[in-house]
Amino acid sequence: MNPDNSRAMRIRVLLLTLLLPSMPLTMAAVTVVDGDDWNLPSWSLAVDDARFYSEEASPANHVNVRVIDLTWRQINPNPGEYATTGMGSAAGMSFPSLQDQLAIPGKYWLRIWVTGENWAPAWVKSACNISNTWTDHDGQAKHLPIWNDCVWKHVKNMYRQVFLNWGLAADPDMLFAHVPGGFYYTEFDFDIPFQAAQDGLGFTEFSNWFHSAMGELVAIANGENSNPEDDYAWKLVYTGEDYPFDNTWNGATNLFARDAVQAGMGIRNGITELFNFHLNHTPAYGAAISPDGHIEINEDWPLLTDKRTIGAENECYNACGYRAKDLYYAIKMSNLKALQMRSKRLYVVPVDSYLSTYSEHWDWVRNSLGKQRHNSADAWVALRTAQDKYWTYDNSHTWNGAPWVRNLERWLVQKDIGTDGVTRRGTDHRTNEIDADNGESWEGRLTDHANGHDYFYFFIDDVFATAYQQEWQLKVSFVDTGNSDWWIEYRDDQRLVFSETVPRGNSRLVKTATISLPGAKFDNRLKNAADFRIFNGGTEDLEVRFVRLLKTRRPVAVTIFKNGFEDPEP
């Protein structure tokens, strides 16, 4: 169906559809509020109360997962000697004994500082005949070659002691552990191996060690046996990243993070505050920038649905040497990036993450972490065009329009398509938010009425859209310019349906409209095989910033039979 864009035609079509022999539709009134709207239906709750983690617990802020910090030296002070009573220090921090840290009740994550010259046992350098060390980019520590056979043998013995003999892998309070334990802040950036390469470390030697080592850590955490009942490798979190700025070995390490995940580990990224930069083409997360510039997620990537952790860190807004120009914007966009990456847990600091200041937004984030298509209350898209400056100097992956990336999407995709749905970039121009690496972005998308493009077309993930007797609601954040109305168009079982109209009052403020979609069936039956579309009802262009599709009722569990029919489970 290709209805005329005039109001008269819209009224005629609506009257005709209401005369069809089907259940009548009752449209709820549209509500419009200023700014963003992070409300969720009452049935939607967080997966658990351990989604936020930090250095210290802060239950008032729903931060219930603290860290246990240990150095290799305090665990293994002398050859063959392991102790739970020694103290340690790293990066200017002092660590109580393991015994004292375990005495504190509650959930925790584990970070063992391994490679620093003062983190490792004093005896290791002489025992392994180590003469070269390398200083990290912040001057925090000089680091030992963890890839050295002798050093790695002793590191593995330490992990066996901690995970198996002391039972931390099996401890239900230990949610995850960062591995392998180097370099800067135990973030496994490759600047140390790259420095070592200048002193003779070859790629083959490092690669052989890396792939063997990741498999050995997984085997240790799984009890080094064939009994699946003591398998805890899903608690291991590799701390490196995709495409680790490899100008030394010509990009040969680009997929090492993916390889660690394929070996059985989880993954985490420490810099999602830079929401435009180096976080879009991420094979370790099952994500790739597609030829049209959108980020495609492989929803069958096992990491997304199994027990392993996907972690991100969002606390460096006015800390860590960064300063936000627009604090709320920086926090919102970094959290959207973390969720687009399907993060399950998020590192926060109550003060530095401004948890209380933006509590409604953070509650929505906490509720969303770890959700999957089948149990999420919402799917969303942030309409935008952003520059990923990493790809201005690395051409190993490219796409149409590179280095510009389209939208942030979580089970809801907006695409420029057809003869009436090609949009233009929005009006909110941002540059160098948080840091110059974060580059440039244009938030929002505009219709192009002058050239006959008055629609935004949207496509919903099929699993999210398959919902038995669901009631749907749409929240659309838009710029209130112009004085004409706009509305949503979708299909029910038999017909094209028009939502109630949303008025514009030319306030030039960002507002969010909540619109009911009674009877909606999202099965790609609209023009261009879309699930629904937004229509600009006037001559003034409509600018849309953020669209969120909500399931207002708790999903009913269904069984999908081979004949394709759905039946509710008892």
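Remarks
- Any chance Thr133 is among the polar types (S, T, N, Q), more than 27 Å from the chain's Cα centre (by Cα), modelled with pLDDT of 95 or more and under 22 Å from Glu55 (Cβ atoms): no
- Given (1) within 19 Å of Asp306 (Cβ to Cβ); (2) in a loop (DSSP other than H, G, I, E, B), number of the condition Ala257 does not satisfy: (2)
- Look at (1) of a type outside the set (Phe, Trp, Tyr); (2) buried (at least 17 other Cβ atoms within 10 Å of the Cβ); (3) closer than 19 Å to Tyr285 by Cα and you find that Ala221 fails only one, number (3).
- Total residues in region 309-341, condition under 14 Å from the mean Cα position of the chain (by Cα) and part of a loop (DSSP other than H, G, I, E, B): 3
- Among the criteria (1) at pLDDT 95 or above; (2) outside any helix (DSSP H, G or I); (3) not assigned by TED's automatic domain parsing to the domain that holds Ala330, the one Tyr390 does not fulfil is (2).
- Taken over region 4-61, residues that are at pLDDT 50 or above and among the aliphatic types (A, V, I, L, M) amount to 14.
- Residue match in region 299-311 (condition: under 19 Å from Asp388 (Cβ atoms) and surrounded by 21 or more Cβ atoms within 10 Å (Cβ to Cβ)): no
- All of (1) more than 21 Å from Ile434 (Cβ to Cβ); (2) in contact with a Gly (Cβ under 7 Å, 6 or more places away or on another chain) hold for Ala284 with one exception: (2).
- Ser353 vs. criteria among the small types (Gly, Ala, Ser) and buried (at least 19 other Cβ atoms within 10 Å of the Cβ): yes
- Tally of residues being within 20 Å of Val32 (Cα to Cα) and either surrounded by 18 or more Cβ atoms within 10 Å (Cβ to Cβ) or outside the structural domain of Gln473 (by TED's automatic domain parsing) (or both) across region 491-506: 5
- Residues within region 379-422 that are over 15 Å from the mean Cα position of the chain (by Cα), surrounded by 20 or more Cβ atoms within 10 Å (Cβ to Cβ) and of a type in the set (Asp, Glu), tallied: 1
- Region 441-489 - residue that is assigned to a strand (DSSP E or B) and either among the acidic types (Asp, Glu) or assigned by TED's automatic domain parsing to the domain that holds Ile297 (or both) and, of those, farthest from Asp388 (Cα to Cα): Glu489
- When region 490-502 is filtered for residues that are closer than 22 Å to Leu383 by Cβ, assigned to a strand (DSSP E or B) and of a type in the set (Val, Ile, Thr), only Val502 remains.
- Residue match in region 252-260 (condition: among the charged types (D, E, K, R), surrounded by fewer than 22 Cβ atoms within 10 Å (Cβ to Cβ), within 20 Å of Asn148 (Cβ to Cβ) and touching a residue at least 24 places away in the same chain (Cβ under 8 Å)): no
- The listed residues are Lys125, Lys107, Lys156, and the only one of them that is out of contact with any His (no Cβ under 8 Å at 6 or more places or on another chain) and surrounded by fewer than 16 Cβ atoms within 10 Å (Cβ to Cβ) turns out to be Lys125.
- Within region 137-193, the set of residues being in contact with an Asp or Glu (Cβ under 9 Å, 6 or more places away or on another chain), within 22 Å of Met93 (Cβ to Cβ), part of a loop (DSSP other than H, G, I, E, B) and hydrophobic (A, V, I, L, M, F, W, C) comprises Ala141, Leu144, Phe183, Phe188.
- Criterion violated by Phe275 - all others in (1) aromatic (Phe, Trp, Tyr); (2) crowded, with 24+ Cβ neighbours inside 10 Å; (3) part of a helix (DSSP H, G or I) satisfied: (3)
- Reported count of residues in region 507-519, each being assigned to a loop (DSSP other than H, G, I, E, B) and farther than 17 Å from Gly35 by Cβ, is 3.
- Neighbours by Cβ (under 9 Å, 6+ apart or cross-chain): first from region 160-174, over 10 Å from Tyr232 (Cβ atoms); second surrounded by fewer than 18 Cβ atoms within 10 Å (Cβ to Cβ) and modelled with pLDDT under 95: none
- Search result, residues across region 280-297 that are in contact with a helix residue (DSSP H, G or I) (Cβ under 6 Å, 6 or more places away or on another chain) and hydrophobic (A, V, I, L, M, F, W, C): Ala284
The values are calculated or read from the model by the stated rules, or taken from the named source; none is laboratory data. No experiment lies behind these values; they were computed from the predicted model shown. Neighbour counts run over all protein chains shown; Cβ positions are idealised from the backbone, glycine included.
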